[in-house]
Structure formats: C-alpha cells, structure tokens
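All remarks here apply to the structure that follows.
The values are calculated or read from the model by the stated rules, or taken from the named source; none is laboratory data. Everything numeric in this text was worked out from a predicted model, so none of it was measured. Here Cβ is always computed from backbone atoms with ideal geometry, including for glycine, and neighbour counts include all displayed protein chains. Note: areas computed on protein heavy atoms with side chains; ligands, DNA, RNA excluded. Shrake-Rupley method; radii C 1.70, N 1.55, O 1.52, S 1.80 Å.
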Amino acid sequence: MAEKTGKQLRAPGQVPGDPVLWPFAAAQLAMNAWFGWLERDPPEQADSSLPWTTANSVALELATMRLRDCTRTGSGQPALVCAPYALHRALIADFAPGHSVVQSLQNGGIDRIYLADWRSATPEMRYLSIDSYLGDLNVAIDEIGAPVDLVGLCQGGWLSLLYAARFPAKVRRLVLVGAPVDLSIESRLSQLARDAPEMLYDQLVALGGGNVSGEEMLRVWSKAPSRDDIAAALQVDLAAEGSATLLARFERWNAETLNLPGAYYLEIVNWIFRENRIANGQFAALGRVIDLKHVKAPVFLLAGLDDDVVPAAQALATAGLLGTPPAFIAAVSEPSNHLGLFMGARTHAHAWPGIAEWLRGDLSNVLARSA
C-alpha cells in the first residue's frame with residue numbers, strides 16, 4: 001500500500017533524499033519500522049574518524065557540546081560558529097580546504113574562532129531540551145568572553161537568534177546562514193513538519209528509546225546523495241583532479257550521523273516548525289518569552305537562491321522580525337542550494353570573504369548616518 005505525503009504518493013520506506021529533511025520525513029517511517037526497532041536497542045555512536053580541516057583544541061567539555069578552539073591568536077574579537085544540530089556532525093562547518101566556514105573566516109582575518117561541536121545523544125541525554133542547548137551555549141560564551149560574534153548555520157541559526165534575543169548584551173554581531181525562522185513562509189522543511197500527524201513524531205522518539213536515532217534513519221534512507229547531489233553541495237566538478245578525495249570524504253561525513261535527544265527533537269518539530277513560535281513571539285527560552293525586537297545587534301543574512309530547504313524568501317524575511325535598524329542589516333543571496341551555503345567552493349570564494357569583512361568592519365559611520 002502506498003503512503004500519502006503531501007500531494008505525492010510514496011511507497012513505504014521511501015522518503016525524500018535530502019538529508020537535511022530527515023528529522024521530519026523520518027516520522028513517515030516510524031510505523032513501517034515499528035517491529036524491527038523494538039527488537040534491538042538504539043545504537044550508540046563513536047566519535048568521528050574524519051580529521052578536522054582546521055587545527056583546534058577542546059576548550060570546554062559540556063553535556064551538549066565540545067567547544068572547539070580554532071583561534072590563531074589570543075586577542076581580537078571572538079567569533080563562535082554555531083553548527084546545525086540535525087543529522088550530521090559539526091564537520092559541516094570545517095569540511096575541507098576551500099569548503100570550510102572556519103577556514104574562510106580565518107582567511108578573512110578573523111583570528112579568534114570557536115566552534116560548537118554538538119554531541120550525539122546518549123540515553124542519558126534523552127530529556128535535554130532546547131533550553132539545555134541554550135544554557136550550554138551561554139556557558140561557552142562566558143568561557144570565551146562576551147560579547148561574541150555568533151555565526152549560526154541552518155538550525156544553528158535559529159538557536160543563535162534565540163540566544164541573541166535572550167542575552168542581547170552578549171552578542172556583538174550576528175550572522176545567520178540559511179536559517180529557518182519564520183516558518184509561515186513555505187518550504188519543504190515546514191511542509192514535511194506539518195504533513196505528518198503529531199503522534200508519529202512521538203512514536204519515532206519512543207521507538208528510539210527516548211532519542212531519535214541518526215543511524216537508523218540513515219539505514220532506512222531510500223536515496224543516498226548521488227554524485228550530482230554531492231557536486232551541487234560542494235560546487236565542484238567531480239571529474240576534476242582531486243575530486244575523488246572530496247567525494248569519498250563527503251560520503252564518509254554523510255554516513256557519520258548524530259542522535260538527537262527526544263525532548264529537544266519534539267520541541268523543534270512542534271514549537272518551531274509546526275507552531276512557528278519564534279516568529280510569532282511565543283517562544284519561551286530560559287524562563288523568558290523571546291521578543292526578536294530585542295535583537296538590535298548588526299545582522300548579516302546569507303540565503304541560497306536554489307535552496308528549497310530554507311528558501312531565500314524565508315531566510316531573508318528574518319530581517320523584518322528584528323529590532324536591528326535596517327541600516328545595520330546586510331542581506332546577500334548566492335546561487336547555491338542549502339548545503340552549498342556551508343560547503344560550496346563558489347560560496348566560500350564569493351560570499352564568505354564578504355562575511356569576514358563585515359565582521360571586521362567599522363560600522364560607526366553607519367551608526368552616525370542612522371542616528
């Protein structure tokens with residue numbers, strides 16, 4: 001029997017092939033996988049075997065993350081890259097030479113860079129919530145020394161935005177890259193979140209023993225990224241010299257998944273993607289309802305013109321929700337799909353140098369003109 005998803009019919013076990021969408025499409029698999037999952041314990045995952053592109057050390061060990069210190073000097077304005085916490089590891093932000101957010105920021109003159117390297121959820125982490133991640137982000141920023149520049153990638157973007165609204169004095173500038181915030185603007189991500197009944201998301205967490213298993217989702221994934229998909233994400237010609245190494249690295253990265261805490265996952269699905277609480281001013285973070293108008297720091301928005309996960313219209317609409325004066329909002333769109341915003345060679349050659357320059361730039365003249 002076929003299973004209905006939106007306007008399309010998919011056979012049981014089939015879900016859209018984009019790995020960024022898996023936490024939402026995964027609910028469609030929950031009932032199909034019921035008996036198989038009951039027969040074994042949720043898998044645990046070891047640390048990645050892939051080396052980092054940029055030399056770093058672990059500055060802090062927290063329940064939710066390792067804070068990685070990629071700094072080259074001990075002085076200067078610090079920037080913290082908030083990687084997405086979804087299916088894959090934080091290596092998405094430091095993938096390979098020419099495909100690394102950390103490296104591009106360094107090349108642009110940002111010397112003090114830190115990276116939130118999120119942990120795969122263990123059974124003991126199943127009750128961690130969005131507040132748990134905001135709380136540890138706050139500890140990390142205090143360790144670095146506020147105010148910081150926050151660089152939020154995809155779902156690390158809405159987390160960074162919540163943090164900036166909750167602790168506005170601790171964020172100097174904010175960069176949001178392909179970040180879903182106002183889910184009233186349609187996307188594949190928001191459609192998938194709404195299409196499945198809420199009970200299926202609850203069932204998915206129950207089947208994972210309180211967590212959502214990345215390994216299980218990858219195991220039942222019906223469509224691995226093709227060579228064309230990988231070429232589009234990395235923005236390279238896979239027939240070129242050296243591309244085989246990049247292709248193999250991407251395939252290894254794609255295979256190394258993260259588990260998500262069940263409580264955290266359900267809050268994202270229900271509060272953010274189904275109820276749109278951040279954009280509607282109804283999201284409570286660490287005891288306070290968040291008002292995005294409290295964000296007055298300069299903001300840089302980067303969107304992908306070919307991004308059907310977080311469409312450019314959705315990524316750029318965040319500007320209208322903030323208290324930041326328009327003169328302090330930079331908005332740039334690149335010919336890129338979603339993963340290409342973080343991993344694409346062309347995006348790193350064209351867009352990320354501009355972000356680094358913006359982070360280093362003196363905005364006092366803009367302030368004087370807007371006063």
**Fill in**
Here the residues within segment 223-256 that are of a type in the set (Asp, Glu), more than 26 Å from residue 117 (Cα to Cα) and assigned to a helix (DSSP H, G or I) are 228
**Fill in**
When segment 334-357 is checked residue by residue, the ones that are touching a strand residue (DSSP E or B) at 6+ places or on another chain (Cβ under 7 Å) and assigned to a loop (DSSP other than H, G, I, E, B) are 336, 337, 338, 351
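Scan segment 80-90 and tell me whether some residue there is surrounded by 16 or more Cβ atoms within 10 Å (Cβ to Cβ), more than 22 Å from residue 143 (Cα to Cα) and of a type in the set (A, V, I, L, M). I'd like the intermediate steps shown before the answer.
So in segment 80-90, the residues surrounded by 16 or more Cβ atoms within 10 Å (Cβ to Cβ) come out as 80-90.
Of the ones still in play, those that are also more than 22 Å from residue 143 (Cα to Cα) are 86-89.
Subset that is of a type in the set (A, V, I, L, M): 86-87.
Scanning segment 80-90 turns up at least one residue that is surrounded by 16 or more Cβ atoms within 10 Å (Cβ to Cβ), more than 22 Å from residue 143 (Cα to Cα) and of a type in the set (A, V, I, L, M).
What about residue 331, is it open to solvent by 50 Å² or more (accessible area, probe 1.4 Å), in a helix (DSSP H, G or I) and out of contact with any Lys or Arg (no Cβ under 8 Å at 6 or more places or on another chain)?
Values: open to solvent by 50 Å² or more (accessible area, probe 1.4 Å): yes; in a helix (DSSP H, G or I): no; out of contact with any Lys or Arg (no Cβ under 8 Å at 6 or more places or on another chain): yes.
No, not satisfied.
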**Prompt:** Looking at (1) of a type in the set (A, V, I, L, M, F, W, C); (2) open to solvent by less than 10 Å² (accessible area, probe 1.4 Å); (3) modelled with pLDDT of 95 or more, which is the only condition residue 232 fails?
**Reply:** (2)
**Asked** Within the set of pairs 6+ apart or on separate chains, which have a first residue in segment 319-331 that is at negative phi and of a type in the set (A, V, I, L, M), a second that is surrounded by fewer than 17 Cβ atoms within 10 Å (Cβ to Cβ) and at pLDDT below 95, and C-beta atoms under 7 Å apart?
**Response** 327/366; 327/369; 327/370
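Go through the residues of segment 336-350 one by one and say whether even a single one is more than 17 Å from residue 173 (Cβ to Cβ) and exposed (fewer than 14 other Cβ atoms within 10 Å of the Cβ).
To start, the set of residues in segment 336-350 that are more than 17 Å from residue 173 (Cβ to Cβ) comprises 336-350.
If we keep only those that are exposed (fewer than 14 other Cβ atoms within 10 Å of the Cβ) too, we end up with 349.
Yes, because at least one residue in segment 336-350 is more than 17 Å from residue 173 (Cβ to Cβ) and exposed (fewer than 14 other Cβ atoms within 10 Å of the Cβ).
Condition first: in contact with a Gly (Cβ under 6 Å, 6 or more places away or on another chain) and part of a strand (DSSP E or B). Now tell me which residues in segment 61-108 satisfy that.
Of segment 61-108, the ones in contact with a Gly (Cβ under 6 Å, 6 or more places away or on another chain) are 82-84, 87.
Listed by number, the list holds a single entry, 82.
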**Asked** Is one or more of the residues making up segment 174-186 among the polar types (S, T, N, Q), in contact with a helix residue (DSSP H, G or I) (Cβ under 8 Å, 6 or more places away or on another chain) and either open to solvent by 20 Å² or more (accessible area, probe 1.4 Å) or at pLDDT 95 or above (or both)?
**Response** yes
**Item:** Residues of segment 113-133 that turn out to be part of a strand (DSSP E or B) and open to solvent by 30 Å² or more (accessible area, probe 1.4 Å), as a count
**Value:** 0
**Asked** Looking at residue 196, is it open to solvent by 40 Å² or more (accessible area, probe 1.4 Å) and either out of contact with any Gly (no Cβ under 9 Å at 6 or more places or on another chain) or closer than 21 Å to residue 257 by Cα (or both)?
**Response** no
**Message:** Between 136, 142, which is open to solvent by 10 Å² or more (accessible area, probe 1.4 Å) and under 21 Å from residue 88 (Cβ atoms)?
**Reply:** 136
**Item:** Residue identified as under 22 Å from residue 172 (Cβ atoms) and either in contact (Cβ under 8 Å) with a residue 24 or more places away in the chain or touching a Leu at 6+ places or on another chain (Cβ under 7 Å) (or both) among 301, 305
**Value:** 301
